[in-house]
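*Asks:* Pasting a structure here, questions to come.
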Amino acid sequence: MAKLTEKQRRFADEYIRLGEITQAAINAGYSTKTARVTGQENMTKPAVKTYIDERLEQLKKESIAEQDEVLQYLTSVMRGEVKDEVAMVVGDGDFGGSIEKEEKRSDTVARTKAAELLGKRYGMWTEKHQVENITPVFVEDVPEDDD
């Protein structure tokens with residue numbers, strides 16, 4: 001695969017950011033007069049298309065939490081390591097007051113829910129049902145007809 005020039009890389013990054021070919025070409029340093037044509041040409045080059053596809057895939061992966069991250073977050077909530085921000089009204093003694101923000105440990109409901117989700121993930125609370133398997137027995141005691 002051919003390497004990208006610095007302008008092509010800047011064009012691809014600007015295209016990813018803007019989603020518009022002409023403005024991406026102008027921002028990358030191409031002439032305003034030829035930006036549309038140059039941008040279209042860049043979009044047909046395999047190296048540019050591959051770079052754009054790889055960057056979009058990388059950005060997509062960065063924006064979506066993976067399994068380990070979710071499990072780490074739930075564990076930190078369950079252990080009370082995550083702090084919630086609450087607003088508190090502080091009176092000044094003359095029927096007035098102000099609002100102050102204070103951090104507090106996650107409440108019991110949130111911690112219990114996190115523990116429940118982790119337990120489900122690890123199959124700790126599966127329902128067990130006793131099932132009896134009754135197999136029918138076929139008896140061949142039907143008399144034969146004597147004609």
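Computed from the coordinates by the stated procedures, all read-outs in this text should not be read as laboratory data. What you see is a predicted model, and the numbers here were worked out from it, not measured in a lab. Cβ atoms come from the backbone with ideal geometry, glycine included; neighbour counts cover every protein chain shown.
*Asks:* Along the charge dipole of segment 6-63, pointing to its positive end and built from +1/-1 on Cβ of Lys, Arg, Asp and Glu, which listed residue (G19, T50, G29) has its Cα farthest out?
*Replies:* G29
*Asks:* So if the hydrodynamic radius of segment 68-121 is defined as the Kirkwood radius over C-alpha pairs, what does Stokes-Einstein give as its diffusion coefficient at 20 °C and 1.002 mPa s, in µm² per second?
*Replies:* The estimated diffusion coefficient comes to 167 µm²/s.
*Asks:* My understanding is that a pair violates if its Cα-Cα distance is over 20 Å; which of K61/K113; K7/K33; K7/K61; K61/K120 do that in this structure?
*Replies:* Working: K61/K113 27 Å; K7/K33 16 Å; K7/K61 26 Å; K61/K120 25 Å.
Table pairs above 20 Å Cα-Cα are K61/K113; K7/K61; K61/K120.
*Asks:* On a 0 to 90° scale, report how tilted helix 108-121 is relative to the longest principal axis of the chain, with both axes built from alpha carbons and the result rounded to the nearest 10.
*Replies:* Computed tilt is about 70 degrees.
*Asks:* Within straight cross-link reach of K3, meaning Cα distance under 17 Å, which aspartates and glutamates are found once same-chain residues fewer than 8 apart are removed?
*Replies:* By straight Cα distance, K3 reaches D13, E41, D53, E54.
*Asks:* Now, a different point. May I ask you to compute the full-extension gain from T75 to V109, defined as 0.36 nm times their residue separation minus their alpha-carbon distance, rounded to one decimal in nm?
*Replies:* Taking T75 through V109 to full extension adds about 10.8 nm, to one decimal.
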